[in-house]
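The next block holds one structure in the form of C-alpha cells; read it before the comments.
The values are calculated or read from the model by the stated rules, or taken from the named source; none is laboratory data. In this text the structure is predicted, and so the values were computed from the model without any measurement. So basically every Cβ, Gly included, is an ideal-geometry build from the backbone, and we count neighbours across all protein chains shown. Protein only, heavy atoms only, side chains kept; ligands, DNA and RNA dropped before computing areas. Shrake-Rupley method; radii C 1.70, N 1.55, O 1.52, S 1.80 Å.
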Amino acid sequence: TKTISKCYVQVTGMTCASCVANIERNLRREDGIHSILVALMAGKAEVRYNPAVIHPSAIAELIRELGFGATVMENCGEGDGILELVVRGMTCASCVHKIESTLMKTNGVLYCSVALATNKAHIKYDPEIIGPRDVIQVIKDLGFTPSLVKKDRSASHLDHKQEIRQWKRSFVVSLVFCIPVMGLMIYMMVMDSQLADARAHHNMSNEEMEALHSSMVLEYQLLPGLSVMNFLSFLLCVPVQMFGGWHFYIQAYKALKHKTANMDVLIVLATSIAFVYSFVILLVAMAEKAKVNPVTFFDTPPMLFVFISLGRWLEHVAKGKTSEALARLISLQATEATIVTLGPDNVLLSEEQVDVELVQRGDIVKVIPGGKFPVDGHVIEGHSMVDESLITGEAMPVTKKPGNTVIAGSINQNGSLLISATHVGADTTLSQIVKLVEEAQTSKAPIQQFADKLSGYFVPSIVAVSVVTLFAWIIIGFVDFEIVEKYFLGYNKSISTAEVIIRFAFQASITVLCIACPCSLGLA
C-alpha cells in the first residue's frame with residue numbers, strides 16, 4: 001500500500017459553499033492527492049496526500065492558484081478527535097491497565113488515559129481510521145460499561161445573569177445613598193454662595209458672619225466638631241463603602257495579590273482614602289472640640305461607585321445579549337442522529353439512534369422530513385427541500401439532490417435524505433460559528449487592554465504624585481508658614497503650626513488622589 005500523509009491548510013478568502021466545492025473539485029483531480037475536505041467556517045482544508053508525489057507546500061500553491069490565500073498549518077494535531085468517557089465497572093488498577101493497553105493496541109488510537117478515581121477515560125484518536133463508537137465498543141467488549149460525558153448544551157457559562165444582578169444591586173445601593181449626599185452637597189454650595197454674596201454686599205463683621213454661618217441647619221454641631229452635614233454624609237457613606245464597593249474590594253485585593261494594579265485598585269484606593277481621611281479628621285475635630293467644621297470628602301465614594309457600577313452593569317447587560325444569541329445558536333444543534341447501515345445498491349439493512357457526539361466521519365445518516373441535520377455532509381440518496389435560513393438567512397428552501405452539501409442544524413422539509421457525514425462534532429459549521437462568537441466574547445477589546453495597561457502605570461504614578469504633594473507642602477509650610485495660612489482658611493488658632501501644616505498637606509495630597517482616580521478612564 002502507498003503511504004498516505006495528512007496535512008492541514010489554512011484557507012482564506014472563501015465566501016460560500018461554491019468556493020468550497022471549487023477547491024475540492026480542482027484538487028481531487030491533482031496527482032498524489034487522495035482526498036480533500038474543506039471546512040468553510042474554520043477556514044481550513046484537510047488533505048490526504050501521497051508524500052512521494054506531492055508536498056504540502058505544493059498543495060497550498062495549488063489552492064493559491066485558484067485565487068484563495070493558503071498556508072500550511074504546522075500543528076497537525078488539531079485533526080485528532082478527543083473523546084471523554086465515563087467508564088463504570090472498574091475495580092482496581094489492573095482494570096485500568098487492561099483498558100489502556102487494549103485501546104493503545106487498537107489501530108487509530110493515539111493516546112489514552114484512564115483515571116480510576118474519577119471513572120473517566122480520556123482518548124485521542126485519528127478520525128480517519130476510527131471513531132467514538134468503535135472505541136466504546138472496544139471497552140464494552142472488555143466487560144465495562146462506557147458512556148459519553150454529557151456536554152452542557154445550555155451555554156450557561158456564557159450567561160451573565162449573575163453579574164448583571166450583582167452590578168445592578170451594587171448600582172442601586174450606591175444610588176440610593178448617593179442622591180441624598182448630592183442633595184446635601186448642592187444645598188451647601190447654594191448656601192455658601194449666598195454667604196459669599198452677603199459678605200460682598202454688607203461688609204459684615206466676622207462675628208456676624210460666624211453667626212450667619214452657624215445658623216445654617218447643616219452646619220449646626222451635634223457634638224463639638226461634628227456638624228449635622230458631616231454626620232449625615234458619614235452615615236450615608238458607610239453602606240455604600242460596605243455594600244456598593246464590595247466587589248471592587250475583592251477584585252482589587254486579587255489584583256494586588258498578583259502584584260498588578262488595575263482599575264479596581266485605583267477606585268478602591270481613592271474611595272477608601274477619602275473615606276478614612278474624612279473619618280479620621282472628624283474624630284480629630286471632635287477630640288479638639290473645633291469651632292469650625294472640617295472639610296470632609298464623604299461625597300466622593302458614593303458618587304464614584306454610582307458611576308462605575310452603572311458602567312459595569314451596562315457592560316454586562318450588553319454581553320448578556322450576545323450570550324443569549326449564542327445560546328439560541330447552540331440550541332439549534334440536533335441532539336440525536338439516525339445512523340443506517342447500507343447493503344449493496346443502497347438497501348437499508350439496519351438503523352440505530354445514537355447521540356450526535358457519536359456520529360463518525362463517513363457514517364451514513366438518515367434524515368426524515370421535518371428532522372434536523374445532525375452533521376455536515378453530502379447527500380447520497382434522496383431529493384428534498386432544506387431550510388438553511390439559520391446559516392444563510394435565506395428563507396426560501398434550497399433543493400438538495402445527491403452530491404449536494406448539507407449543513408448541520410438546518411431543517412429537512414419534505415423528502416427523506418441519506419447523507420454521508422463529512423464534518424462531525426466540533427468541526428460542523430454551527431460549532432465553528434459558536435466557537436467564533438465565544439472567542440469574540442472572551443477576548444478583550446484592544447482599547448480595553450490598553451486602558452488596563454495604562455492604569456497599571458497610572459496607579460503607582462498617581463500615588464507617587466500625591467506623596468510628593470504631601471511632602472512638598474510640609475516642607476513649604478515649615479519654610480514659609482504664611483503661604484499655608486493663606487490657603488488653609490478657618491483653622492483653629494489654638495492648634496500648633498506644625499499640626500496645621502501637616503493637616504493641610506494631607507488635605508492637598510488626598511485631593512490629588514481623589515481627583516486623579518481615573519474615573520473617566522474607568523467609566524469610558
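May I ask you to verify whether LYS105 is open to solvent by 50 Å² or more (accessible area, probe 1.4 Å), among the charged types (D, E, K, R), closer than 27 Å to ASP363 by Cβ and without any contact (Cβ under 8 Å) to a residue 12 or more places away in the chain? Here the answer is yes, as LYS105 does meet what is asked.
Residue-by-condition table, conditions (1) polar (S, T, N, Q); (2) in a strand (DSSP E or B); (3) out of contact with any helix residue (DSSP H, G or I) (no Cβ under 8 Å at 6 or more places or on another chain):
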{"position": "CYS7", "(1), (2), (3)": "no, yes, no"}
{"position": "GLN10", "(1), (2), (3)": "yes, yes, yes"}
{"position": "VAL20", "(1), (2), (3)": "no, no, yes"}
{"position": "ILE23", "(1), (2), (3)": "no, no, no"}
{"position": "ASN26", "(1), (2), (3)": "yes, no, no"}
{"position": "HIS34", "(1), (2), (3)": "no, yes, yes"}
{"position": "VAL38", "(1), (2), (3)": "no, yes, no"}
{"position": "MET41", "(1), (2), (3)": "no, no, no"}
{"position": "GLU46", "(1), (2), (3)": "no, yes, no"}
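Does GLY32 satisfy being surrounded by fewer than 18 Cβ atoms within 10 Å (Cβ to Cβ), touching a Pro at 6+ places or on another chain (Cβ under 9 Å) and not basic (Lys, Arg)? In short, yes.
A single entry from LEU40, LEU85 fulfils the requirement of being out of contact with any Phe, Trp or Tyr (no Cβ under 9 Å at 6 or more places or on another chain), surrounded by 13 or more Cβ atoms within 10 Å (Cβ to Cβ) and at pLDDT below 85: LEU40.
If you check GLN333 against the conditions, is it within 26 Å of LEU85 (Cα to Cα) and either open to solvent by 50 Å² or more (accessible area, probe 1.4 Å) or assigned to a helix (DSSP H, G or I) (or both)? So GLN333 fails the test.
Being open to solvent by 70 Å² or more (accessible area, probe 1.4 Å), modelled with pLDDT of 85 or more and more than 20 Å from ARG361 (Cα to Cα) is the filter here; which residues of the stretch 2-29 pass it? Listed by number, the residues that qualify are THR12, ARG29. The residues in the stretch 435-471 that are surrounded by 14 or more Cβ atoms within 10 Å (Cβ to Cβ) and either modelled with pLDDT of 80 or more or farther than 30 Å from HIS160 by Cβ (or both) can be counted, and the count is 6.
Residues are listed down the side, and each one gets a yes or a no for (1) farther than 22 Å from THR511 by Cβ; (2) modelled with pLDDT of 80 or more; (3) open to solvent by less than 20 Å² (accessible area, probe 1.4 Å); (4) not assigned by the TED database to the domain that holds VAL173:
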| residue | (1), (2), (3), (4) |
| --- | --- |
| LEU236 | no, yes, no, no |
| ALA252 | no, yes, yes, no |
| PHE275 | no, yes, no, no |
| PHE279 | no, yes, no, no |
| ALA318 | yes, no, no, no |
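Taking the stretch 374-454 and the strands (runs of 3 or more DSSP E) fully enclosed by it, the elements with 2 or more residues that are under 22 Å from ARG133 (Cα atoms) are at 376-381, 417-423. For the stretch 112-137, the set of residues classified as over 32 Å from the mean Cα position of the chain (by Cα), within 24 Å of ASP363 (Cα to Cα) and open to solvent by 70 Å² or more (accessible area, probe 1.4 Å) consists of ILE129, GLN137, listed by residue number. Return the residues of the stretch 391-426 that are among the hydroxyl-bearing types (Ser, Thr, Tyr) and either open to solvent by 30 Å² or more (accessible area, probe 1.4 Å) or closer than 13 Å to GLU381 by Cα (or both); say none if nothing qualifies. Those that are among the hydroxyl-bearing types (Ser, Thr, Tyr) and either open to solvent by 30 Å² or more (accessible area, probe 1.4 Å) or closer than 13 Å to GLU381 by Cα (or both): THR392, THR399, THR405, SER416, SER420. When ASP345 is tested against the conditions (1) open to solvent by 20 Å² or more (accessible area, probe 1.4 Å); (2) assigned to a strand (DSSP E or B), the lone failure is (2). The single condition from (1) modelled with pLDDT under 70; (2) among the hydrophobic types (A, V, I, L, M, F, W, C); (3) surrounded by fewer than 17 Cβ atoms within 10 Å (Cβ to Cβ) that ALA155 fails is (3). Would you check if SER170 is surrounded by 13 or more Cβ atoms within 10 Å (Cβ to Cβ), outside the structural domain of LYS44 (by the TED database), at pLDDT below 90 and under 26 Å from ALA327 (Cβ atoms)? When the stated conditions are applied, SER170 passes them.
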